[in-house]
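Please read the structure below before turning to the comments.
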Amino acid sequence: METSALLKKYNVAAPRYTSYPTVPYWDNESFNANGWLANVANTYTSHKDEGISLYIHLPFCESLCTYCGCNTRITKNHNVEVPYINAVLAEWKMYVEVLREKPKVKELHLGGGTPTFFSPENLGLLINEIIQNTTLTPDAEFSFEAHPANTTTEHLDTLFKLGFKRLSLGIQDFDPKVQFLINRFQTPEQVALVTAKAREIGYTSVNFDLIYGLPGQSISGLAKTLKEVIYMKPDRIAFYSYAHVPWLKPGQRHYTEKDLPLGDEKFALYQLGRLLLDAAGYKDIGMDHFALKSDSLFKAMTEQKLHRNFMGYTNQHTHLLIGLGVSSISDSWTAFAQNPKTVEAYLDKIEQGILPVEKGHFLTDKDLEVRKHILNIMCRENTIYNEGIPEPVYCRLLPLLQDKLIWVTEKEIKITTKGKSFLRNVCMAFDEKLWLKQPETQLFSSSI
């Protein structure tokens, strides 16, 4: 079957599998904060030498990017910075008390929102306070997300001196028509300036985020954007499919489905991106991510050390990820927990001295088994069932096998070269909770 026909066939609603079970299938009724903290303490005690990962969500943005699916708060009032930082530090202190010592940190990421909404001084305050309650592993990596239009040299300098060596710039598309429709504006010149300055300061890895399938996007416009991007030579590129979920993100109602490239148009954008990135030397890491051979993400892939968590693909594997801030999700390997999704609810819990977890899930032995196979497919492109592939899983995999997207033996499932574009579809075959209870409404974005 031709690639275009396969893209059409498998373009179905599918989870991105940053976790298993996926959030809509969490058993929130059985979840409680005390049980969550017990899981955190147990996981930390068992794996303290490897270090932990920290994710800090900084939700504020000065304007709404209408395509965005992230948890954000739109404001031009920068007086919100210090109270929010104090709340995050109070939450971190609660976790440190549970761990009963200064934990080793292996990975720290600032996401948003727009982390560079915060002043360099306030970001310095936040990170300095976090670091005072930790020790760092020798291979610790700090990274942050940045808006090219408001990231200053002072931002870059301040964070670099605190240990940050990686940054991710949200580009999406340089086409003025697309930028107008999604209300996201930055020029190639601004991006080139931030990239060059970061490298001059000493940052070792720069990522660009691009999206295909945006309203008003065209083959010629995306080709021009990709040409500009490739010329700047970022170390990594995330080439995401636009997720149109206006029932979840009302900002996406600022345009209609008529503005979106659908079907063959969207598939053509996807194929163009993959073709140009491959020709420029970017290697397919897995599900939307590409990297140069010199980047640590590519090296982790070749050494079978790639990992995937709520922050996406990473070369840093830890069993404990603590998410701080509004809407952040934490992962103790045996349990998940999520903070409230509104700033007010989050701050209210902090003011009461309550750990701000709102919902979560305790993983069963079956959950952990399924999670292992999904992670193996996402990060290693193969998985092995020691007792043989279960019949229900094998039956679900048959169409993918017939289309030569996977290679299967009695015990092993392996992704073929052609199948790398269909990782989400392969993982759905393992997703017992999805098959036991098919969603009555659309919960997930389309896979392509």
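Quick look at the values:
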read-out: Failed item in (1) aliphatic (A, V, I, L, M); (2) at pLDDT 95 or above; (3) buried (at least 18 other Cβ atoms within 10 Å of the Cβ), with residue 230 passing the rest; value: (3)
read-out: Output for the stretch 199-223, where each listed residue is touching a strand residue (DSSP E or B) at 6+ places or on another chain (Cβ under 6 Å), small (Gly, Ala, Ser) and closer than 29 Å to residue 157 by Cβ; value: 205
read-out: Where residue 2 falls short, out of the listed (1) farther than 26 Å from residue 209 by Cα; (2) touching a helix residue (DSSP H, G or I) at 6+ places or on another chain (Cβ under 9 Å); (3) not assigned by TED's automatic domain parsing to the domain that holds residue 334; value: (2)
read-out: Members of the stretch 38-64 found to be crowded, with 20+ Cβ neighbours inside 10 Å and either more than 22 Å from the chain's Cα centre (by Cα) or at pLDDT below 95 (or both), listed by number; value: 39, 43, 44
read-out: Given (1) of a type outside the set (S, T, N, Q); (2) at positive phi; (3) surrounded by fewer than 17 Cβ atoms within 10 Å (Cβ to Cβ), number of the condition residue 69 does not satisfy; value: (2)
read-out: Extreme residue, surrounded by the most Cβ atoms within 10 Å (Cβ to Cβ), among residues of the stretch 109-144 that are assigned to a loop (DSSP other than H, G, I, E, B) and β-branched (Val, Ile, Thr); value: 114
read-out: Filter result (touching a Leu at 6+ places or on another chain (Cβ under 8 Å) and under 21 Å from residue 27 (Cβ atoms)) within the stretch 340-357; value: 355
read-out: Unique residue being within 30 Å of residue 137 (Cα to Cα), among the hydrophobic types (A, V, I, L, M, F, W, C) and either under 22 Å from the mean Cα position of the chain (by Cα) or assigned by TED's automatic domain parsing to the domain that holds residue 137 (or both) when the list is 248, 169; value: 169
read-out: Filtered residues of the stretch 400-423 (kept if of a type outside the set (A, V, I, L, M), surrounded by 15 or more Cβ atoms within 10 Å (Cβ to Cβ) and farther than 17 Å from residue 12 by Cα); value: 414, 416
read-out: Residue 412 being touching a residue at least 24 places away in the same chain (Cβ under 8 Å), more than 25 Å from residue 4 (Cβ to Cβ) and over 24 Å from the mean Cα position of the chain (by Cα); value: yes
read-out: Test: residue 183 is at positive phi and either polar (S, T, N, Q) or without any contact (Cβ under 8 Å) to a residue 12 or more places away in the chain (or both); value: yes
read-out: Flag if residue 81 is charged (D, E, K, R), in contact (Cβ under 8 Å) with a residue 40 or more places away in the chain, in the same structural domain as residue 324 (by TED's automatic domain parsing) and within 30 Å of residue 254 (Cα to Cα); value: yes
read-out: Subset of the stretch 424-448 [farther than 21 Å from residue 406 by Cα and crowded, with 20+ Cβ neighbours inside 10 Å]; value: 445
read-out: Residues of the stretch 299-328 that turn out to be aliphatic (A, V, I, L, M), buried (at least 22 other Cβ atoms within 10 Å of the Cβ) and farther than 18 Å from residue 99 by Cα, as a count; value: 3
read-out: Residue in the stretch 165-175 that is touching a Gly at 6+ places or on another chain (Cβ under 8 Å) and part of a helix (DSSP H, G or I) present; value: no
read-out: Hits in the stretch 186-203 (condition: in contact (Cβ under 8 Å) with a residue 40 or more places away in the chain, under 23 Å from the mean Cα position of the chain (by Cα) and outside any helix (DSSP H, G or I)); value: 203
read-out: The one condition in (1) under 25 Å from the mean Cα position of the chain (by Cα); (2) within 21 Å of residue 8 (Cα to Cα) that residue 397 fails to fulfil; value: (1)
read-out: Residue in the stretch 401-417 that is at pLDDT 95 or above, assigned to a helix (DSSP H, G or I) and over 28 Å from residue 113 (Cα atoms) present; value: yes
read-out: Criterion: buried (at least 17 other Cβ atoms within 10 Å of the Cβ), in contact (Cβ under 8 Å) with a residue 60 or more places away in the chain, charged (D, E, K, R) and under 17 Å from residue 3 (Cα atoms) - qualifying residue of 236, 274; value: 274
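The values are calculated or read from the model by the stated rules, or taken from the named source; none is laboratory data. Given the structure is predicted, the values throughout are model-derived calculations rather than measurements. Note: ideal-geometry Cβ built from the backbone for every residue, glycine included; neighbour counts use all protein chains shown.
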